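Data block below; observations after.
The values are calculated or read from the model by the stated rules, or taken from the named source; none is laboratory data. What you see is a predicted model, and the numbers here were worked out from it, not measured in a lab. Backbone-built Cβ (ideal geometry, glycine too); neighbour counts: all protein chains shown. Surface areas here come from the heavy atoms of the whole protein model, side chains and all, with no ligands, DNA or RNA. Shrake-Rupley method; radii C 1.70, N 1.55, O 1.52, S 1.80 Å.
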Amino acid sequence: MDVSTAIKERRSCRGFLPTPVADETIEQILEAAIWAPSPMNAQPWEFIVITSQELKEKIYSEAEDRKKSLFEKSGWKWLGRYQVDFILSAPVIIAVVGNPEKTGADRFLEGGGMAYQHACAAAIQNMLLTAHALGLGSLWFTLFDFSRMREILGIDPVKVPLALVCIGNAVGQPLQTGRKDALELTKHIR
Ligand SMILES: Cc1cc2nc3c(=O)[nH]c(=O)nc-3n(C[C@H](O)[C@H](O)[C@H](O)COP(=O)(O)O)c2cc1C
């Protein structure tokens, strides 16, 4: 599959079949992640591959808690319909852990110290596109508290669990999202 097709066809998946994902497939997805660009090639990422049902249950419970507190703060009605059961059914969840000590020269700039997050985001997009090209569904999931996720996954306090990438064979059709026209969002300075 060419890159452009993968970019345009990929949609967030929130329903997974229990069919396990082969280790080689997970390795291919991680291999795609590490070829992302990063500041000064610092490669500020680490990955935790989660297949333990016990851990998925802890993550699910944390997501449910976050959902409740977000509802209280925001009043967003859609949260009442938003189910996070896909955490329990996703055969594999990969935690992408960023290392702020491996950010780049931006640490010396105003508002700096965040380039490591950008690099991890690029790695995550590589993972989603590769999963799609391999015929799998995936979801970039962030509805959790960093400190709580550190505890659940036993992560070093200096590092940040930036996202959980849920991966597996999709069940049902993903929600078809649209995009604004790129030209409407672009100005040229010539
Ligand atoms: C930084 C980031 C965080 C996200 N967090 C969540 C999340 O916690 N739960 C979720 O269901 N989707 C999450 N998503 C997926 C978005 O909802 C989704 O990408 C967006 O609605 C567009 O849909 P599409 O990916 O199907 O095109 C996240 C996406 C990004 C980039």
In deg cm²/dmol and to the nearest 500, what is the mean residue ellipticity at 222 nm of the chain if only DSSP H runs of at least 4 residues count, each as -39500 (n - 2.57), divided by the residue total?
-12000 deg cm²/dmol
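Got a number for carbon plus sulfur as a percent of the stretch 21-65's accessible area, 1.4 Å probe?
51
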Gaussian network model of the chain, springs between alpha carbon atoms under 10 Å - residue of M127, M40, M149 with greatest fluctuation
M40
Got a number for carbon plus sulfur as a percent of the stretch 78-190's accessible area, 1.4 Å probe?
55
Are there any helices in the chain, counted as whole DSSP H runs, that stretch 20 Å or more along their axis by Cα and score at least 0.0 on average by Kyte-Doolittle, and if so which?
115-133
Out of the stretch 103-157, which chymotrypsin sites (Phe, Trp or Tyr not before Pro) are coil in DSSP terms and have no more than 16 other C-beta atoms within 10 Å?
none
Counting only DSSP beta bridges with both residues in the chain, what percent are antiparallel, rounded to the nearest 5?
95
Members of K8/K187; K77/K180; K102/K180; K56/K159 lying beyond 27 Å, as alpha-carbon distances in this model show
K102/K180
Accessible area per residue, 1.4 Å probe, Å², for the chain: what's the number?
59
Descending accessible area (1.4 Å probe), largest on the left, turns T51, T103 into T51, T103
Hand me the trypsin sites (Lys or Arg not before Pro) from the stretch 31-83 located in a DSSP loop with no more than 13 other Cβ atoms within 10 Å, in residue order please.
K77
Reachable aspartates and glutamates from K68, Cα under 13 Å, same-chain residues fewer than 8 places away excluded?
D145
What's log10 of I(q)/I(0) for the chain at q = 0.10, 0.15 Å⁻¹, Debye sum over Cα points only, no solvent?
-0.45, -1.01
Hey, what do the phi angles of the stretch 98-113 turn into as Karplus ³J(HN,Hα) couplings, whole Hz, using 6.51/-1.76/1.60 and θ = phi - 60°, x for Gly and Pro?
x, 10, x, 6, 10, 7, x, 4, 4, 4, 9, 9, 4, x, x, x
Between the stretch 71-138 and the stretch 43-64, how many Å separate their Cα centres?
12
